[in-house]
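The values are calculated or read from the model by the stated rules, or taken from the named source; none is laboratory data. Just so you know, these numbers come straight off a predicted model, no measurement behind them. Cβ atoms come from the backbone with ideal geometry, glycine included; neighbour counts cover every protein chain shown. Areas reflect the complete protein model, heavy atoms only, side chains present, ligands, DNA and RNA absent. Shrake-Rupley method; radii C 1.70, N 1.55, O 1.52, S 1.80 Å.
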Amino acid sequence: MDESLPEAATTAPAPAPQKGTVTQRAIDRIKAMIGEGRLEPGARLPTERDLAAQLGISRSSMREAIRALTVLGVLEARHGSGIYVTQLEAGDLLETFGVVADLSRGPRLVELLEVRRILESTATALAAARITADQLAEVEKHLTAMNATDDPEEILSHDLAFHRVIAGAAGNETMAAILDGLSSRTFRARVWRGYQEEGAFERTRREHAAIHRALVAHDPEAARAAAAAHVGEVEEWLRSQIQP
């Protein structure tokens, strides 16, 4: 067993404000203003002082709320201009999925792979129905590159790109953003370090080829099954590594 596999980074993001605190209430109020359309994507927020007065809270609590929402990708500070609502793109708002994947260990890693198996199989099925010729050519390019090397770093790089193109071809930006977070390079590298010792490269090449064939055939059910089997193999291997 690769002992380095379950290890997480030693530093974690600062804890979110507890529910019920003044700061959390400020966060909820700002989110409500955005959700109700009173603050549109790209809109400039009132000054910190005006917004604090409007919501009836202290400036320090408002500052903390703005900082928290900036970390979450909801707000952005523009030097010399003020605080703005971002474009609220799924990739920015769901970036924290990558943090969860990077810092998780042990059974939590298995849980993440379970989620990825469900979403990846669905995304691959959608991609089989929707993929364009250009996207299919991109998938094939990364498959060919994976088959042409035994270098783990190169395989990892093309594996990431292979699945990213497929997720994009599914046509669901939110799903693609979640999968991108769950499949961060750091997370995959941690799995690959141990997985490659099992002689898994040939098996993963076959699994990628099966996914590609299903995409070429525009067969959603075959694509779903191939993707589920691919992620499921990694999931079962990882599960075996963390059993006592």
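Yes/no matrix, rows are residues, columns are (1) in contact with a strand residue (DSSP E or B) (Cβ under 8 Å, 6 or more places away or on another chain); (2) among the β-branched types (Val, Ile, Thr); (3) at pLDDT 85 or above:
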residue: ILE131; (1), (2), (3): no, yes, yes
residue: MET146; (1), (2), (3): no, no, yes
residue: ASP159; (1), (2), (3): no, no, yes
residue: SER184; (1), (2), (3): no, no, no
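Taking the range 110-135 only, how many residues are farther than 20 Å from GLU236 by Cβ and buried (at least 19 other Cβ atoms within 10 Å of the Cβ)?
Residues flagged as farther than 20 Å from GLU236 by Cβ and buried (at least 19 other Cβ atoms within 10 Å of the Cβ) within the range 110-135 amount to 6.
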Failed item in (1) modelled with pLDDT under 90; (2) open to solvent by 40 Å² or more (accessible area, probe 1.4 Å); (3) farther than 26 Å from GLY181 by Cβ, with LEU55 passing the rest: (2)
Breaking point among (1) at pLDDT 70 or above; (2) over 22 Å from the mean Cα position of the chain (by Cα); (3) open to solvent by 30 Å² or more (accessible area, probe 1.4 Å), for PRO244: (1)
Within the range 212-233, which residues are at pLDDT 95 or above and closer than 14 Å to VAL139 by Cβ? HIS212, ARG213, ALA214, LEU215, VAL216, ALA217, HIS218, ALA223, ALA226, ALA227
Can we say SER81 is closer than 18 Å to THR23 by Cβ, over 23 Å from the mean Cα position of the chain (by Cα), among the polar types (S, T, N, Q) and exposed (fewer than 14 other Cβ atoms within 10 Å of the Cβ)? no
